[in-house]
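Asker: Right, I'll just put the structure down here and ask away after.
Bear in mind that the values in this text are calculations on the coordinates, not laboratory data. These figures come from a predicted structure and were not determined experimentally. Every residue, glycine as well, gets a Cβ built from its backbone with ideal geometry; the counts of neighbours run over all protein chains shown.
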Amino acid sequence: MANPANIKSGEGWRRDLEYELARLHGLPTDNGNWGPNAPDLGLLRKAAKLAIEIRRNDLPRPIVTATSDRAIHVAWFGLANTELSIVLYPDDEIEWLLRAATGKIETGAVSEINQINSLVDRFLQ
Amino acid sequence: MAAGASPAAPAQDDWRIKPGETLWRLLDRNWYRVLPGNTHSSVIIDTFLDEVSLIRKTLVSERWVDLVKGGRFANHGIIELSEREIRAISGCWLIVSADSDWPNDAHVLIYRDYGKSKRLRLRHPEPPILTSLANDGRSFLRPPKP
């Protein structure tokens, strides 16, 4: 379940996603595996499309980070430690993690965009 | 990739890392965030994605961490993990990997699936377990500096 305190206008998460992705562009590229490395522009553009492709407006604001292999991690956290994480990799793969309130974790690879909408629906249940 | 990391898959777990040893994962401040709904910071899973370098506490001091690579890690946090906790995750091996920035045998990589891969991905079972261990209240030697 999403945390209502983090839902402002319903569109807040999209603005935050855009802002955070722009911030990732300014990260260094020489961190090796000791820290995040800036994703390339093509992957940043792909991640920005999540704002269009995800239908729900009532997501909380996301945490957006880069991994050391220049992937982009977009995560939403809800009450009771629920979580939906999406990682977009430079090799074009997209993977997901869904943590339920029970602590049960499911993970997998995304084969088409509607799968992300289904995951969002499950996260917001 | 860490400098000097071996490209070959290891044949077995590396028992130069002895039972009871403590390993350090250096924590970049970008991977230590206040999650929505919380008042305190948490280690995020990115810390345990891709290649995960660890440092053996028995061979490296905090001062070394602060000075290595021209002071690059002086603001990093330090998470303490036990070799036992990591090896208890099914198929996780610890492999010494040469890195000239660190003392001999001090730099270690985590391999998953009985040595098949050192690249941890979100869909793998290890990253959430390692993240949970890192967020255990016992695990911090120091948080990253803001």
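Asker: From the list A:95, A:83, pick out the single residue that is within 23 Å of residue A:29 (Cβ to Cβ) and within 12 Å of the chain's Cα centre (by Cα).
Answerer: Result of the check over A:95, A:83: A:95.
Asker: Now a separate question. Within the range A:55-81, how many residues are in a loop (DSSP other than H, G, I, E, B), crowded, with 21+ Cβ neighbours inside 10 Å and either of a type in the set (A, V, I, L, M, F, W, C) or more than 10 Å from chain B (Cβ to nearest Cβ) (or both)?
Answerer: Counting residues in the range A:55-81 that are in a loop (DSSP other than H, G, I, E, B), crowded, with 21+ Cβ neighbours inside 10 Å and either of a type in the set (A, V, I, L, M, F, W, C) or more than 10 Å from chain B (Cβ to nearest Cβ) (or both) gives 2.
Asker: Being away from every other protein chain (no Cβ under 14 Å), of a type in the set (Phe, Trp, Tyr) and crowded, with 17+ Cβ neighbours inside 10 Å narrows it down to one residue among B:31, B:93, B:64, B:102; which is it? Write out each step before concluding.
Answerer: Values: B:31 fails: away from every other protein chain (no Cβ under 14 Å); B:64 fails: crowded, with 17+ Cβ neighbours inside 10 Å; B:102 fails: away from every other protein chain (no Cβ under 14 Å).
None of the other options fit; the residue is B:93.
Asker: How about the range A:82-115: which of its residues are surrounded by 14 or more Cβ atoms within 10 Å (Cβ to Cβ) and of a type in the set (Lys, Arg)?
Answerer: If the condition is that a residue be surrounded by 14 or more Cβ atoms within 10 Å (Cβ to Cβ) and of a type in the set (Lys, Arg), then A:99 is the only one that fits.
Asker: Out of the residues in the range A:61-79 meeting the condition of being more than 11 Å from the chain's Cα centre (by Cα) and not small (Gly, Ala, Ser), tell me which one is nearest to residue B:48 (Cα to Cα).
Answerer: A:67
Asker: Within the range B:105-127, work out how many residues are assigned to a helix (DSSP H, G or I) and surrounded by fewer than 16 Cβ atoms within 10 Å (Cβ to Cβ).
Answerer: 0
Asker: Give the residues of the range B:34-46 that are surrounded by 20 or more Cβ atoms within 10 Å (Cβ to Cβ) and more than 9 Å from every other protein chain (Cβ to nearest Cβ), sorted by residue number.
Answerer: B:43
Asker: Let me ask another. List pairs: first in the range B:128-142 and part of a strand (DSSP E or B), second surrounded by 14 or more Cβ atoms within 10 Å (Cβ to Cβ), Cβ under 6 Å, 6+ apart or cross-chain?
Answerer: B:141/B:78; B:141/B:80; B:142/B:77; B:142/B:78
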